[in-house]
Amino acid sequence: MKLNALFPFVLLVAGYSAQAAENPRPTSAPVSHFQGTCESDPDGRKFAARACYTRDNPADAGYGAEYKRPACDKSVPVTPPQRQLMARTYVRAPDYMKGKLCRLTQIFVTEDNTEGPWGWGYWEGSDRPPGTGVFVAISGSELKKVASVAERENETVDLLLGVRGEKKKQARLVRLKPESARDPELAILGGLAHELGHALLADTNADGVDEHHPRREISGPPQSPCFEDAIIGTSWDADRFHHNMTRWVAFGDQGHNRPKNRELRFNLYRLRERAERGRFDRVNDLLERIYRGPEFVTVPAAIRPEEDFVETYKEKVLSDAAGQSVEFRFGRQKISVSARLKSDVVDKKVECLRALGLLTGQP
Ligand SMILES: [Zn+2]
């Protein structure tokens, strides 16, 4: 099956360009693109009012003089119910996330296509002038008052396995079941936090500790090198990561990455092939090991180190969000997002978010 047929929560932050090589490599910690002041927005309406549809995909934006910044497509309106949901979602976000959301250059909504719903987080490097922007896009189909966080997690697993819309196959997967009432705003908040997390990873250059990281051509070393210890050191095969560092992370693309823990290793292509043949034994085993173990907060977190970082940020946001706590059931096991964040391994990852300044609302 075609891998790029799966493009839901795409992320991106793009490859090396010759243009950047003409300028000297930066040597000091990056200055955040989340700049300016935020107006008081107690009901989230100002945030929601800024949203617009876009057809642009930063993956195709080009570099240098060819670069085209993603822009609003006014021919497709964001509907009033979509804006209301966005506003209510904003209200639920912890202050440190609001402080980033209100400083986005633009918040976009995307239309679904045949490949699925998809959103993205995009940080504009200096090789894409003006090189000061930071953008998040969320899929229009996610802006519906239906899903719970558990259902969204299950949908992500379906997309990863290529069984979206195949009810018979989905019935054979062990599913997360919500323990609390449906809370669509929290489900949307999770999706938004994921995409924002990708933009924050690039903005802080968190994964660019190694000077061979392609982003180091345009962005200096991160203010804390914690990614190497707290993410790679705890959970990942460091050699594989360091030989395959990228600025661009597409959904469901493991690259060459593998978890350090043998019990949690998997090859997503093979799991997809098995799923296509209706075989779910291995994937159900893996889901169980991930949810029972202390290492990865979610299934997508186990795909690659960048997703591990981003999903940890997402789960931290969900645990700090206003309102009810997020709890699931997996088989007989009860899962609490807040409790999972307290394992020694995950706590170390959360402390890395803090060291990078991602748990404060200031630029
Ligand atoms: Zn992602």
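The values are calculated or read from the model by the stated rules, or taken from the named source; none is laboratory data. Keep in mind that this is a model prediction, so the values were computed, not measured. Neighbour counts are summed over all protein chains in view; Cβ atoms, including those assigned to glycine, are modelled from backbone coordinates with ideal geometry.
When you scan the stretch 281-301, do you find a residue that is on the phi > 0 side of the Ramachandran plot and not basic (Lys, Arg), even just one?
Within the stretch 281-301, the subset on the phi > 0 side of the Ramachandran plot is none.
No, that holds for no residue.
Is it the case that some residue within the stretch 69-80 is at pLDDT 95 or above, loosely packed, with under 12 Cβ neighbours inside 10 Å and not in a loop (DSSP other than H, G, I, E, B)? Checked against the condition, which is being at pLDDT 95 or above, loosely packed, with under 12 Cβ neighbours inside 10 Å and not in a loop (DSSP other than H, G, I, E, B), the stretch 69-80 yields at least one hit.
Scanning the stretch 208-231 for residues that are in a helix (DSSP H, G or I) and of a type in the set (S, T, N, Q) yields no hits at all.
GLU185 falls short on exactly one of the conditions (1) farther than 19 Å from ILE107 by Cβ; (2) more than 16 Å from the ligand (Cβ to nearest atom), and that condition is (1).
Scan the stretch 252-302 for residues that are part of a loop (DSSP other than H, G, I, E, B) and either away from the ligand (no atom under 16 Å from the Cβ) or closer than 23 Å to LYS342 by Cβ (or both) and report the count. Break it down stepwise before answering.
Here is the first cut: in the stretch 252-302, the residues part of a loop (DSSP other than H, G, I, E, B) are 252-258, 260-261, 265-267, 277-280, 293-299.
Imposing the further condition that a residue be either away from the ligand (no atom under 16 Å from the Cβ) or closer than 23 Å to LYS342 by Cβ (or both) reduces the set to 256, 258, 260-261, 265-267, 277-280, 293-299.
Final tally of qualifying residues: 18.
For LEU318, indicate whether it is in contact (Cβ under 8 Å) with a residue 24 or more places away in the chain, in a helix (DSSP H, G or I) and surrounded by fewer than 20 Cβ atoms within 10 Å (Cβ to Cβ).
On the way: in contact (Cβ under 8 Å) with a residue 24 or more places away in the chain: yes; in a helix (DSSP H, G or I): yes; surrounded by fewer than 20 Cβ atoms within 10 Å (Cβ to Cβ): no.
When the stated conditions are applied, LEU318 does not pass them.
Taken together, the residues in the stretch 46-55 that are part of a helix (DSSP H, G or I) and either surrounded by 16 or more Cβ atoms within 10 Å (Cβ to Cβ) or in contact with a Phe, Trp or Tyr (Cβ under 7 Å, 6 or more places away or on another chain) (or both) amount to 2. Residues that are under 17 Å from the mean Cα position of the chain (by Cα) and part of a helix (DSSP H, G or I) within the stretch 91-102 comprise TYR96, MET97, LYS98, LYS100, LEU101, listed in sequence order. With respect to (1) within 20 Å of the chain's Cα centre (by Cα); (2) under 21 Å from LEU353 (Cβ atoms), the lone exception for HIS256 is condition (2).
For every residue, the table says whether it meets (1) in contact (Cβ under 8 Å) with a residue 40 or more places away in the chain; (2) over 18 Å from SER28 (Cβ atoms).
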residue: LYS177; (1), (2): yes, yes
residue: ILE188; (1), (2): yes, yes
residue: GLY191; (1), (2): yes, yes
residue: LEU201; (1), (2): yes, yes
residue: VAL209; (1), (2): no, no
residue: HIS212; (1), (2): no, yes
residue: ARG216; (1), (2): yes, no
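Restricting the stretch 235-247 to residues that are surrounded by fewer than 18 Cβ atoms within 10 Å (Cβ to Cβ) and touching a helix residue (DSSP H, G or I) at 6+ places or on another chain (Cβ under 9 Å), the residue that is farthest from THR132 (Cα to Cα) is ALA238. Close contacts from the stretch 44-55, counting a first residue that is within 9 Å of CYS72 (Cβ to Cβ) and a second that is among the small types (Gly, Ala, Ser), with Cβ to Cβ under 7 Å and a gap of 6+ residues or different chains, come to THR54/ALA71; THR54/ALA137. Of all residues in the stretch 307-327, those satisfying the criterion of being away from the ligand (no atom under 16 Å from the Cβ), in contact with an Asp or Glu (Cβ under 9 Å, 6 or more places away or on another chain) and hydrophobic (A, V, I, L, M, F, W, C) are ALA321, VAL326.
Only one entry in PRO58, PRO130 is surrounded by 15 or more Cβ atoms within 10 Å (Cβ to Cβ) and either more than 16 Å from the ligand (Cβ to nearest atom) or not β-branched (Val, Ile, Thr) (or both), namely PRO58.
Quick check: is even one residue across the stretch 119-128 part of a strand (DSSP E or B) and among the small types (Gly, Ala, Ser)? Yes, the stretch 119-128 contains at least one residue that is part of a strand (DSSP E or B) and among the small types (Gly, Ala, Ser).
Report those helices (runs of 4 or more DSSP H) wholly inside the stretch 144-207 carrying at least 2 residues which are aliphatic (A, V, I, L, M). Quick ask: steps written out before the conclusion?
Values: elements: 149-161, 167-170, 184-204.
Fully inside the stretch 144-207 and qualifying: 149-161, 184-204.
Using the structure shown, decide if TYR90 is out of contact with any Phe, Trp or Tyr (no Cβ under 9 Å at 6 or more places or on another chain), among the hydroxyl-bearing types (Ser, Thr, Tyr) and closer than 17 Å to TYR313 by Cα. Reasoning before the result, please.
On the way: out of contact with any Phe, Trp or Tyr (no Cβ under 9 Å at 6 or more places or on another chain): no; among the hydroxyl-bearing types (Ser, Thr, Tyr): yes; closer than 17 Å to TYR313 by Cα: yes.
No; evaluated as a whole, the condition is false for this residue.
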